[in-house]
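Notes follow the structure.
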Amino acid sequence: MGRSPCFAALVLVLLASSVASQTPAKTARLGMLCPVRCAGPGYTAFEDELRRLGWVEGHNLIIERRALEGRYERVVELVTEVVRSRPDVIVGPGAPIARALKEATSEIPIAFSFVGNPVQIGLVQSLARPGLNVTGVAAITPGAFLAKQFEILRELLPQAQRVAVLVNPANDDHRLTLAREVPMTAQLGLQVDVIEVRTSEDVPGAIEKAKALHTEGLLVLGDAILNTPPNRVPDLLTRTPLPALYASRDPVLAGGLIAYTPDMVAIARRHAQYVDRILRGGSPAEMPVEQPSQYNLIVNLKTARALGLTVPPSLLSQADEVIE
C-alpha cells in the first residue's frame with residue numbers, strides 16, 4: 001500500500017527539522033596552528049568532518065590559520081597572535097605547538113592532536129580527567145609504539161647492528177619517548193645513533209650523517225618537519241640507499257620502504273569531533289583524552305626490490321597495506 005501525501009510531507013518536515021537541529025546557528029571562530037602548512041590529508045579530513053557536523057567555513061565557521069613553515073622557533077610568536085585574536089577554540093597538532101598553547105592561555109579551550117605523551121609534558125592532569133582547558137587525541141600509546149618500530153626494524157634487518165633515529169629536539173614527545181624506550185633496543189642487539197633535525201634544511205645533512213656512521217637502517221619519528229613533503233626523505237634515501245621505517249603512511253606512498261603508524265585520518269576526524277563538542281558547550285576538563293587503539297603496517301615492495309631487500313613473510317603477513 002502506498003504512503004499518503006500527508007505522511008510523505010511529515011517525513012520531509014522531520015528530516016528538515018533534524019538537519020536544522022544539527023546545524024549550529026552561531027558563527028564560531030577557530031584558531032588553527034600548523035607545524036609546516038595547513039594542508040594535506042589530515043587537514044582535509046579534519047575540515048570534512050567539521051562540515052559533516054554542521055560547521056561550514058564561510059557560513060557559520062571562521063578559521064584563522066597560521067603556519068610555522070617548519071620553523072619551531074616561531075611557535076611563541078604565532079601562538080601569541082592566535083591567543084590575542086580570542087577564538088572560541090584553538091587547535092594545534094604536535095607537542096611543541098600544544099605545549100606553547102597551554103602556556104599561553106588557561107581560558108581559551110585547546111584541542112590538540114598527534115601528541116604522544118600529553119600527561120608527561122603537562123598538557124593534562126590525566127587522560128581520564130584532563131582537568132583544565134586542554135584535551136584532545138593522542139598519537140600513540142606511550143611505552144609500546146617506538147619499541148614496536150624497533151622490533152619491526154630488527155625483523156626487517158636481522159643482521160643489522162647499528163641504526164639511526166631522526167628526531168626533532170624541539171619535540172618533547174621525541175625526548176620522552178627516546179629516554180624511555182631506546183635503552184630497550186639493547187635487548188634487540190642494536191646500537192642506536194640519535195641524529196637531530198631542527199629545521200627542514202637539516203634533513204639532507206642528517207641523512208648524510210647516518211650514512212657516514214655506517215648505519216644499516218633508519219627510523220624517522222613522527223614530526224611535521226621530518227615528513228613534509230612526504231617524498232623528501234624517501235627521495236634522499238634513494239641515493240644512499242638506506243632502508244627506513246616511518247611513523248606515517250604518506251612517505252611510504254611517496255616511495256619510502258615501510259611504516260608503522262596510527263590511522264592519521266581517523267585521528268584527524270576524531271579531533272574535529274572534539275572541536276564540535278567544545279563549540280557546542282562541552283568542557284575540555286571533562287573530555288577524556290583518547291589514544292589510538294589500532295596501528296597499521298604499510299610495506300612498499302617496489303622500494304624493497306630497489307634496495308635489494310627481501311621483506312620477511314612474517315612481516316608481510318602482518319601488513320595492512322602492501323604497495324606493489
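Every read-out reported here was derived from the displayed coordinates using simple, explicitly stated rules and does not represent laboratory data. Values in this document were obtained by computation on a predicted structure and should not be read as measured data. All Cβ positions, even for glycine, are placed from backbone atoms using ideal geometry, and neighbour counts span all protein chains on display.
Details
- Segment 131-282: C-alpha gyration tensor shape, a/c 1.5 cut-off, then a/b vs b/c: prolate
- Across all directions, the average flat footprint of the convex hull enclosing the Cα atoms of segment 196-324 is 9.7 nm².
- Over the chain, dividing the summed -39,500 (n - 2.57) contributions of all DSSP H runs of at least 4 residues by the number of residues returns a 222 nm mean residue ellipticity of -11000 deg cm²/dmol.
- Counting only DSSP beta bridges with both residues in the chain, the antiparallel share comes to about 10 percent.
- Cα-Cα pairs of segment 118-162 separated by more than 17 Å (percent): 50
- Between the amide H of V36 and those of L68, E69, G70, distances stay under 5 Å, these residues lying 5 or more places away or on another chain, with hydrogens modeled in the peptide plane.
- Residue-span extension gain [E196 to E69] - 0.36 nm each, minus C-alpha spacing: 43.9 nm
- Cα gyration tensor of segment 29-150 - equivalent ellipsoid semi-axes, whole Å, descending: 23, 17, 16
- 10 Å Cβ shell holding at most 13 others, DSSP loop, trypsin sites (Lys or Arg not before Pro): longest site-free stretch of the chain: 27-238
- Segment 78-204: translational diffusion in µm²/s, Stokes-Einstein, Kirkwood Rh over Cα pairs, 25 °C, 0.890 mPa s: 151
- Segment 276-322, Cα convex hull volume normalised per residue, Å³: 123
- Along segment 107-117 the Karplus relation, 6.51 cos²θ - 1.76 cosθ + 1.60 evaluated at θ = phi - 60°, assigns HN-Hα couplings of 10, 6, x, 10, 10, 8, 8, 6, 10, x, 10 Hz to successive residues, with x for each Gly and Pro.
- Table column - 3J(HN,Hα) (Hz), segment 60-77, Karplus curve with 6.51, -1.76, 1.60, x for Gly and Pro: 10, 9, 10, 10, 9, 9, 9, 10, 7, 6, x, 9, 5, 5, 8, 5, 5, 4
- Kirkwood hydrodynamic radius computed over the chain comes to 21.1 Å, based on all pairs of distinct alpha carbons.
- Amide H partners (placed H, <5 Å) of R29, local residues excluded: I62, D88, V89
- Zone residues, segment 139-166, relative to E324, backbone N less than 13 Å from point 7 Å out along Cα-to-Cβ: none
- At q = 0.18, 0.23, 0.26 Å⁻¹ the log10 of I(q)/I(0) for segment 129-202 amounts to -0.81, -1.11, -1.26, computed by Debye summation with a single uniform scatterer per C-alpha, solvent ignored.
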